[in-house]
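Remarks on the structure that follows.
Here, each number is a calculation from the coordinates, and none is a lab measurement. This structure is a prediction, so every number in the text was calculated from the model and none was measured. Cβ sites come from the backbone with ideal geometry, for glycine too, and all protein chains shown count toward neighbours.
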Amino acid sequence: MPVLRTRRIDSLALSNLPLSSIHSPLSMAAANDLRKGQAIKYNGNIAIVLDVQHRTPGNLRAFVQAIIRYINTGKSADVRFGSTDKVELVDVSRTQLEFSYKDNSGFHFMDPTSYETITLNENLLGEAKDYLVENLKVEVLYTEGRPVQVELPSSVHLKVVEAPEGLRGDTASNVTKPAILETGKTVNVPLFIHEGELIKIDTRTGSYMGRA
């Protein structure tokens, strides 16, 4: 029988990962090649790229607008690079974990390979916490031994725990109503969705996709 181990990881503290899994920043890339999920060194601090937009405003020089989150503070910033500016990249490793449960100490995940339980805090998870159900597989991004971001599957199945009845006689196809899901998240659903149903939610937009 596998031995279960528990490890708590705070987003602002180094974890006890083996040295072999810790990568150091070595490579440079043009800002135009930045992608969501990469880690960079910006103003001497390591940050994870949350979003990237490429802009070409009229006759002006093209630039890259990015939203980054500093891993030492957890704070986000909106930054701008010239499209040919060089950015220092930090290697990112990914580990697949399965969500187990949450309590006052955080959100607990299991490593299906080592059977180790890893605890992440709410600040690191952000909106991802609204989609976590038991046994959901996620990818956790690590850089320099720290967890920096949780990546969800593109969609999840969640149960409706509360949904008002639609208005009698209202048959418009585009009419929706608010429904509360098992994770506590509220989404707009069609009038025909009832309490207890399992529905499919897009984790990128938080919107209803259909019955599961």
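Net charge in the neighbourhood of Ala66 (other residues with Cβ under 15 Å of its Cβ; Lys, Arg +1, Asp, Glu -1) is +3.
How much net charge surrounds Asp78 when only the other residues with a Cβ under 14 Å from the Cβ of Asp78 are counted, with Lys and Arg +1 and Asp and Glu -1?
Numbers: positive: Arg55, Arg69, Lys75, Arg80; negative: Asp51.
So the surrounding residues net to +3.
Separation of the stretch 137-157 and the stretch 46-118, taken as the distance between their Cα centroids, equals 10 angstrom. Among Ser100, Ser207, the order by Cβ neighbours within 10 angstrom, fewest to most, reads Ser207, Ser100.
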